[in-house]
Structures are given as structure tokens and as C-alpha cells.
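J.: Structure below; questions to follow.
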Amino acid sequence: MRSPHLLIRSAYSSVAAAAALLPTSLRAMSSSSPTPLSSLAARAVSTVSLSDLRSNSPYSIEAIREAFTGRSSLGAISVQVPGFDEVRRKALQSGARFALDPSAARARDACRNSKLDGEDARVQPGWSGNPGREDHPIQSGFYCNLQEELTSNVDDVFGRNAFPAKEYLCDGGVDFKDDLIEAGKTMHKVTTLVLEAARDAAESQAQARGSKGESMRHIVTQSETFLPLRLTYYDANHCREDTLVGGQYMLPWHVDFNTATAFISAQWIDEDHALKGSGNDCREDKDDNPERKAGLLLRNASGDIVPASIAEDCILVQLGAYAQIASGGLLRAGPHAVGLQNESLETHPTQGRLTLGLFTYAPWDARMLPPNKGDEAYVLEDDFGGLMKRAYTGDTVLAGFQSFADYMNAPRSQ
């Protein structure tokens, strides 16, 4: 297992190399003057080993504090998990074959979700989308509820999972469900450990603020019926205009409204070959992976932009709006976006992006309100583009999810 010091050096060097390749438009993303991108290596995403996280080591405690508290925090931490690189490889390889291979068309159709206004729903169990010719801004994807697979509890709001029968899948893709669920289980375990550590950090911060003995137990309370896992594919030619700062992105700047989101290192795929049923074994060039230079981007309250640059054996856990609100602003949610490949990169022009995310929610009846009435100023402090204000509704998590689903499911929503 790599030591924490090696992990830090690795993160430092990867961000230093990435910073110079980010679009120059990102330099004007703060109302104050952000740190130049060339010096962002010192603000690389904190990385901690799974063993340190489990043992609550001093190094882990400090890494969690830096990741989730204060203006310089990115609202995210990367957790190195021994052997996860192989779990990730299997999940994304099966996912790529399911999403892109012509021979898996029957499998996609077999679990294609219901239609809304003539188009596939983007937040509903099953498959939606048409890779290579998708015109919906949310793009193509497969949704399932991991909690249903773990506990057999079907969430009445989301609906029953819709996996394809194995006989519909192409050769080598028969383990699609098993591979996704295996990755999801590890992502869930890591997310739970991170939330527990973040709770402890918030309680320490609460004492420093003068709220003696204030419990943050509600931050780690998860829904017993809903734990959505989504495989997402962005077409090679897909881009959207960002309404906050301008410029083109695969996914514009936003804050997830749930408690936490876990991401794995995305995979960039030669779309033309994959759609023809050739070259879809998804070989990766680890020395020139676009995800190390663009892909998932993170932002702190000071306006600094950092590529997440998730290693293949790591899981990145990012806090959402609910965690920031429920902690009274003691914890920081992470604004993030998915950037396009920089024009200077010598990569294939038809590379699409495949990724897997796990979204942790509080119970449906929890409310988007801080524990104390006087915490609103802390919650909304340094609010980038009013993103937190939009989530600070006082509504239940259920009402927030339904609004989110309506937006995501809207035909060609922006």
C-alpha cells in the first residue's frame, strides 16, 4: 500500500501537470482574484488510504478537515482502495459494452425506461439515451438503486430496478449487473466512512464555534430505501454552455443537492470504434488520460480550480448541499463541472467519456434546513453563483429530489 506521503507527492505532480492545460476561461471564476492555475499543485485533492480512514489516524483526521472545512477546502477527498483499480476496470468495461456495442442493443431496449413527453426519462430505473447521437443535455445513462440490491427494499418514489437479462448481453458483458453492483458496494462503504469522519470534523468545528456538545449525527443518517448508482456516457461531440461563468463544458458548474456523491476515475473511449463493435475493449493510456487534465473539475470558495485527477484505484467522495446545510455551514459542499478536453491535447478527437457515480441521500422526510436558525449566514457564505441558495429551500429531501428529477427528465432541459 502506498504511504500517505507518496500519495500526496503523486497528487501534487499530477495537478501541477494538469494546471497548465486547463482552459484560460477558468481563471476568471471568482469574484476575488483566484490563485493562478500554475500554482494549484499545493491545493491538490487530499488523498487518504482506506486503512487510515478506517483507523481514524491523525493523518486521516487532518486530511478530512482540509477536504471539507474552510475556504480552501474543495469539498472532496480521494480514498485509495487496494484492488479497486480492477473492480473499476470490470465495471467500466462491462458498462462500455452495454452502452455502446451494437450487439447489446437488445439489452438496452430490454431495460429502457419509460418515456416522458416522447423522450427517455433521465432519472428512473433502467437505460436511457442513444450514444453517438444523443441530443439531451443530460446524455445517456443507466440508473439503478443500489439499496434495492443490498436490502431488497424497493423505493416507491424511484421504482424497481430494471437490469437486462444476461442472454441479451454481448459476449464479455454478461456480468454487467454484477460488475456495477460490486463497484457500487465499495463506493458505498467508502462514502459511509467519509461521512462518519466528516461528522466528527463538523462536531469539532461546532465546538470551536461555541456550540458545545452539538451532535452532527443527522449528517450520516442515510435513506434506507434509496441509494442511486448511475453509469453515464457523454458523447464525444457533446458540450453545453455554462450559465454561471460562460464557456463550454460537458457538464456545467453545479452543486449536487444530496448528502454526498462518490465518483470513480472516468474512462475515455474511442466512440467511433466502440459504436462499430470494434476497439471497445476500452484500453486506456494511463500516461495520457484526459481525466488527468480536464474531466471532473473542483472549485473551492477562494475560486481555485483543481482537476479531480482520480487515480484508478481511488474513489472520490464529494459532499453535496444537504451536508453543508445540515452541518450549519461547518462542512463545505463541492461545486464541480466536467470540462472538455483542451484543444492542445494530442488525443483522439472522437473520445467519449464514461463514468460511474453513487449518490447518497438523507431520508426522504429530512429537511434542507440547518440545525440552528442562526446558521443561515454560515451556510450561504461564499455562495458560488447562488448554488447553495437554490438548495436552501426548507423543503424535504423528497421534494428536492422530485424537483431535481423533473428538471433532469425534462426534454432537452438546460
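J.: Amide H to amide H under 5 Å from Gly295: which residues, 5+ apart in sequence or cross-chain, H placed 1.01 Å off N in plane?
T.: Gly339
J.: Here's a follow-up. How about region 205-264: which GluC sites (Glu not before Pro) there are in a DSSP loop, with at most 11 other Cβ atoms within 10 Å of their Cβ? Show your work: numbers first, answer last.
T.: Values: sites: Glu214, Glu224, Glu241; in loops: Glu214, Glu224.
Answer in residue order: no site qualifies.
J.: Ok, one more. Order the peptides 327-337, 131-141, 148-158 from the highest to the lowest mean number of other Cβ atoms within 10 Å of their residues.
T.: Packing order, densest peptide first, comes out as 327-337, 131-141, 148-158.
J.: Return the FRET efficiency for the residue pair Lys276, Lys185: r is the Cβ-Cβ distance, R0 is 25 Å, and the value is rounded to the nearest 0.05.
T.: That gives a FRET efficiency of 0.15.
J.: Between Gln248 and Ser103, what length in nm is gained on full extension when 0.36 nm per residue of separation is reduced by their alpha carbon distance?
T.: Gain on extension, Gln248 to Ser103, equals 48.9 nm.
J.: Hey, another quick one. Rounded to whole Å, give me the distance from the Cα center of region 206-255 to that of region 46-120.
T.: After rounding, the separation between the Cα centres reads 13 Å.
J.: While we're here: Fully extended, how many nm does the chain gain between Arg209 and Glu381 (0.36 nm per residue separation, minus their Cα-Cα distance)?
T.: Length difference between fully extended and current span is 60.4 nm.
J.: Give me, ordered by chain and number, the residues 5 or more places off Asp395 or on other chains with an amide H under 5 Å from its own placed amide H.
T.: Those lying under 5 Å, H to H, from Asp395 are Met368.
J.: Pop a pseudo-label 7 angstrom from the Cα along the beta-carbon direction at both Glu86 and His218 and give the gap in nm to one decimal.
T.: A separation of 4.4 nm, rounded to one decimal place.
J.: Could you give me the radius of gyration and the Dmax of region 121-161, taking only the C-alpha atoms into account and expressing both in angstrom?
T.: 12.1, 37
J.: Under a point spin-label approximation (7 Å from Cα along Cα-to-Cβ), what is the Arg160-Asp175 distance to one decimal in nm?
T.: Spacing of the two 7 Å Cα→Cβ label points: 2.8 nm.
J.: Now for a separate question. When the gyration tensor of region 352-414 is built from Cα positions, what are the square roots of 5 times its three eigenvalues, in whole Å, from largest to smallest?
T.: Ellipsoid half-lengths, sorted descending, are 25, 16, 13 Å.
J.: At a probe size of 1.4 Å, how large is the accessible area of Leu380, to the nearest 10 Å²?
T.: For Leu380, the solvent-accessible surface is approximately 40 Å².
J.: A follow-up question, please. Kindly report, to the nearest 10 Å², the accessible surface of Asp109 as traced by a 1.4 Å probe over protein heavy atoms only.
T.: Surface accessible to solvent at Asp109 totals approximately 100 Å².
J.: I want to check the label-to-label distance for Asn130 and Asp365. Put each point 7 Å from Cα in the C-beta direction and report it in nm to one decimal.
T.: Distance between the two pseudo-spin positions: 4.4 nm.
The values are calculated or read from the model by the stated rules, or taken from the named source; none is laboratory data. Bear in mind that the values here come from a model prediction, so they are computed numbers and not experimental data. Neighbour counts are summed over all protein chains in view; Cβ atoms, including those assigned to glycine, are modelled from backbone coordinates with ideal geometry. With ligands, DNA and RNA removed, areas are computed over all heavy atoms of the protein, side chains included. Shrake-Rupley method; radii C 1.70, N 1.55, O 1.52, S 1.80 Å.
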